[in-house]
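Enquirer: Encoded as structure tokens, here's the structure I'll be asking about.
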Amino acid sequence: MNNTFDNNFKKGCFAALGIPGISLAASFFALGALFKNSGLNAIQSFLSTLIGFALPGQVVMAETLIVNGTLLNILIAVFLTNARLYPMTVNLVPVIRQKSRPRWHYYFLAHFIAVTSWVYMLSNYDKITKESRFSFFLGLGSTLWILSTFATVIGFYAAGILSAKVFVALIFLNPIYFMCMIVSVLNKSHIVATVFFISYFGTNSFFSNTRLVSATCWIYFWNNFLFYFY
């Protein structure tokens with residue numbers, strides 16, 4: 001690797017160690033506790049984030065295990081939950097593409113695409129030169145992946161120490177973070193209103209056990225959000 005790649009990779013790593021990394025690690029810390037309560041062991045929890053690295057899909061997997069869902073139930077639920085990563089990847093790759101790089105580099109990089117890294121990159125790519133974006137995102141995404149993997153294991157072992165309410169609060173830190181990032185780059189008032197409306201009613205519906213209302217609110221939010229970016 002040349003010095004330019006090293007420098008941009010390090011910049012991506014340092015960016016991940018800020019608020020993006022803290023918020024994502026907090027959510028995976030809570031996920032580790034959920035895994036323990038769902039019956040997974042520490043190795044399985046570790047491998048789930050190491051190989052999967054998709055928080056909503058992992059939550060769905062854990063909740064399906066808790067209600068004794070079959071392997072087919074888990075497969076379909078996780079597949080549908082993680083389908084959002086396809087349009088995210090299609091949207092991001094042209095931003096970081098370099099003609100000199102072979103295609104397999106992008107297949108490798110796709111593993112590090114998560115909402116946190118995706119939103120951060122789309123919010124800041126215009127501040128990074130075209131030639132530097134691949135290495136910057138590799139540093140950003142891989143650091144978030146490593147932090148999340150270790151946070152999952154730590155959360156697993158901390159499950160019996162902290163209150164359940166603390167874990168619930170922690171798992172919402174990352175959605176709050178990327179919604180703030182979204183609002184900061186929006187210039188359409190109806191989209192901004194949608195973000196705040198869904199944040200309030202979706203979260204309150206979740207805590208009041210009206211999960212169907214909560215799910216409907218968040219689906220409506222994502223439809224508006226993806227329509228804006230695409």
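The values are calculated or read from the model by the stated rules, or taken from the named source; none is laboratory data. In this text the structure is predicted, and so the values were computed from the model without any measurement. Neighbour counts run over all protein chains shown; Cβ positions are idealised from the backbone, glycine included.
Enquirer: So in region 9-52, with the set limited to residues that are over 16 Å from the mean Cα position of the chain (by Cα) and outside any helix (DSSP H, G or I), which one is surrounded by the most Cβ atoms within 10 Å (Cβ to Cβ)?
Expert: Out of the qualifying residues, it is LEU40.
Enquirer: For region 67-89, give me each residue that is loosely packed, with under 12 Cβ neighbours inside 10 Å and among the hydrophobic types (A, V, I, L, M, F, W, C). Break it down into steps so the answer makes sense when it comes.
Expert: First pass over region 67-89, keeping only residues loosely packed, with under 12 Cβ neighbours inside 10 Å: 67-68, 70-72, 79-80, 83, 86.
Result: VAL67, LEU71, LEU72, PHE79, LEU80, ALA83.
Enquirer: Same structure, new question: For region 53-85, which positions are assigned to a helix (DSSP H, G or I) and among the small types (Gly, Ala, Ser)?
Expert: Passing the criteria: GLY57, ALA62, ALA77.
Enquirer: Kindly establish whether LEU144 is surrounded by fewer than 20 Cβ atoms within 10 Å (Cβ to Cβ), under 18 Å from ARG84 (Cβ atoms) and out of contact with any Cys (no Cβ under 7 Å at 6 or more places or on another chain). Let's see the steps before the verdict.
Expert: Details: surrounded by fewer than 20 Cβ atoms within 10 Å (Cβ to Cβ): no; under 18 Å from ARG84 (Cβ atoms): yes; out of contact with any Cys (no Cβ under 7 Å at 6 or more places or on another chain): yes.
So LEU144 fails the test.
Enquirer: Just to be sure I understand the filter: pairs with C-beta atoms under 6 Å, separated by 6 or more residues or on different chains, first member in region 89-118 and closer than 16 Å to LEU55 by Cα, second member at pLDDT 85 or above and polar (S, T, N, Q). Which pairs pass?
Expert: ALA110/THR89; PHE112/SER142; ILE113/THR89
Enquirer: Follow-up question, since we're still on this one. For SER100, are the conditions met, namely being of a type in the set (S, T, N, Q) and either farther than 28 Å from GLY160 by Cα or surrounded by fewer than 19 Cβ atoms within 10 Å (Cβ to Cβ) (or both)?
Expert: So SER100 passes the test.
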